[in-house]
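Enquirer: Quick one: the structure is below, questions incoming.
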Amino acid sequence: MNSPTSSHAEQMLNFKYKGTSFAVGTGTASWSSGPILYLGLLKAAPGFDGTGGNEVSGSNYSRKTLATSDWNTASTSNSATTITLASALTFATPSADWGIITHVGVFSASTSGNLLDVCELTTPVTVTSG
């Protein structure tokens, strides 16, 4: 099997990010409460194992909390299954330059934790003080 069907892929993304349950074989996968995840800004691509990536640090930076309600429902278009944020997120005003942001990552904790997913920005963004 090369890849999940679009329906199953949508269900997996909705489970992971929105906390919705879905059928697995003869059972159902569900959360006791939906996941709370965190969005972080990266200045380089992380390695395959999730390490590296050079996350922004200091200068009034912190990861943004993501609740299950912050996500749209996953959908499939042109053979690609995606999930998007329901609205834009705003980070705090930097007190020093954060550098060039090339990727965003979804983390399991507000600090440290595991990098769960990463997405490369279409166009890198230079973030400067103020």
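Enquirer: Which of the peptides 99-109, 29-39 is most tightly packed, and how do the rest follow, judged by the mean count of other Cβ atoms within 10 Å per residue?
Expert: Output ranking for 99-109, 29-39: 99-109, 29-39.
Enquirer: What is the set of long-range amide H partners of LEU66 at a cut-off below 5 Å, with H atoms built 1.01 Å from backbone N?
Expert: LEU37, TYR38, LEU39
Enquirer: Tell me, what is the per residue accessible area of the chain in Å², probe radius 1.4 Å?
Expert: Here the residues of the chain average 61 Å² of exposed surface.
Enquirer: Over segment 40-104, what is the mean sequence separation of C-alpha contacts under 8 Å (at least six apart), divided by residue count, expressed as relative contact order in percent?
Expert: After rounding, I find 42 percent.
Enquirer: Helix-only estimate, please: 222 nm mean residue ellipticity of the chain, summing -39500 (n - 2.57) across DSSP H runs of length 4 or more and dividing by its residues, to the nearest 500.
Expert: Taking each H run of at least 4 residues, the total per residue is -1500 deg cm²/dmol.
Enquirer: Can you compute the modelled spin-label distance between SER69 and SER129, with each label point 7 Å from Cα toward Cβ, in nm?
Expert: Once both label points are built, they end up 3.8 nm from each other.
Enquirer: Can I ask one more? If you roll a 1.4 angstrom probe over the protein chains with everything in place, what fraction of the accessible area of the chain belongs to carbon and sulfur, to the nearest %?
Expert: That fraction is 51 percent.
Enquirer: If you don't mind, there's one more thing I want to ask. Along segment 51-66, what does the Karplus equation 6.51 cos²θ - 1.76 cosθ + 1.60 (θ = phi - 60°) give for ³J(HN,Hα), rounded to whole Hz, x for Gly and Pro?
Expert: 8, x, x, 6, 5, 4, 8, x, 6, 6, 8, 8, 5, 8, 6, 10
Enquirer: Additional query: Express in whole angstrom the spacing between the alpha-carbon centres of segment 2-78 and segment 85-116.
Expert: Cα centroid to Cα centroid, the span is 14 Å.
Enquirer: Test of understanding: what is the full-extension gain from TRP31 to GLU120, defined as 0.36 nm times their sequence separation minus their Cα-Cα distance?
Expert: Value of the extension gain: 29.2 nm.
Enquirer: I've got another one for you. Taking amide H positions as placed 1.01 Å from N in the peptide plane, with prolines and chain starts having none, which residues 5 or more places from VAL24, or on another chain, fall under 5 Å of its amide H?
Expert: Those qualifying (amide H under 5 Å, at least 5 residues apart or on another chain) are ALA29.
Enquirer: Another question, if that's okay. Mean separation of Cα pairs under 8 Å and 6+ residues apart, divided by the residue count of the chain: what relative contact order is that in percent?
Expert: About 25 percent, as a whole number.
The values are calculated or read from the model by the stated rules, or taken from the named source; none is laboratory data. Note that the structure is a prediction, hence the values are computed from the model and not measured. Cβ: placed from backbone, ideal geometry, glycine included. Neighbour counts: every protein chain shown. SASA here: full protein model, heavy atoms, side chains in, ligands and nucleic acids out. Shrake-Rupley method; radii C 1.70, N 1.55, O 1.52, S 1.80 Å.
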